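**Student:** Structure below; questions to follow.
The values are calculated or read from the model by the stated rules, or taken from the named source; none is laboratory data. This structure is a prediction, so every number in the text was calculated from the model and none was measured. So basically every Cβ, Gly included, is an ideal-geometry build from the backbone, and we count neighbours across all protein chains shown. Remember, those area values only see protein heavy atoms, side chains included, never the ligands or the DNA or RNA. Shrake-Rupley method; radii C 1.70, N 1.55, O 1.52, S 1.80 Å.
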Amino acid sequence: MSISPTLSDLPYDFPQKPQDQLNTLADILGIPRHKVKNGGDAEIDAMIGVILYRHLDPAQRQTAMRDIRAIGSKSLMGDLIDKALQTTFVNKNWGLWSLTNSELVEYKETRETISKYASAIGIGATALDSKSLINDIFKNKKMNRKHVAVLVIWAAVYVNSSQLSNANVEWQRRHSMNPSTYHNR
């Protein structure tokens, strides 16, 4: 990777027109398209830097941050700085787009394993069906430890399922856009 990453360093294919490239990058990063309307090369370079930020060496990070700060829209700049720093210093999984293909595969496999074990031990809806749970809570007019435990388990299963769904969406986006990226980055 050169000192300034380019679109070819990303695991996606991009359209030829700059505005279409901006829209695609905005979609990948979860940024509203209106924030990149009428953008240009500066915004493209900044968004590339955000996607790759956690993988860059210190000199490349300085260049990427300079690119981010050089864009005209303060709102977009704030979004990009936030995304770059959160995935680098807080939790890389907050931006699945920041994961390498191998990291994404590992993330998916972990979520699939959790889902498989949850299903195998019947955590889904069998622990206590929702109607029974609600009736029990209203009947006793309070929640006991059993109710809290069931709700925590359901929440964990739901969150895991949501994370797995998001990982599958990212995996599909990468491979529907560029099938050659199965083993890149």
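For (1) of a type in the set (A, V, I, L, M); (2) touching an Asp or Glu at 6+ places or on another chain (Cβ under 7 Å); (3) open to solvent by less than 10 Å² (accessible area, probe 1.4 Å), each residue gets a yes or a no:
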position: 13; (1), (2), (3): no, no, no
position: 16; (1), (2), (3): no, no, no
position: 22; (1), (2), (3): yes, yes, yes
position: 50; (1), (2), (3): yes, no, yes
position: 55; (1), (2), (3): no, no, no
position: 63; (1), (2), (3): no, no, no
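**Student:** Determine whether the stretch 75-92 contains at least one residue that is in a loop (DSSP other than H, G, I, E, B), among the polar types (S, T, N, Q) and modelled with pLDDT under 90.
**Tutor:** No: zero hits.
**Student:** Tally time: how many residues in the stretch 68-88 are open to solvent by 70 Å² or more (accessible area, probe 1.4 Å) and farther than 20 Å from residue 5 by Cα?
**Tutor:** Residues meeting the conditions: 1.
**Student:** State all residues of the stretch 24-39 that are open to solvent by less than 30 Å² (accessible area, probe 1.4 Å) and either touching a Gly at 6+ places or on another chain (Cβ under 7 Å) or of a type in the set (Lys, Arg) (or both); if no residue qualifies, say none.
**Tutor:** The answer is none; no residue qualifies.
**Student:** Turning to a different aspect of this structure: Quick check on this structure: which one of 19, 86 is of a type in the set (S, T, N, Q) and within 22 Å of the chain's Cα centre (by Cα)?
**Tutor:** Selected residue: 86, the only one of 19, 86 that is of a type in the set (S, T, N, Q) and within 22 Å of the chain's Cα centre (by Cα).
**Student:** I need the full set of residues from the stretch 93-105 which are β-branched (Val, Ile, Thr) and either in a helix (DSSP H, G or I) or more than 18 Å from residue 5 (Cβ to Cβ) (or both), in order please.
**Tutor:** Correct list: 105 only.
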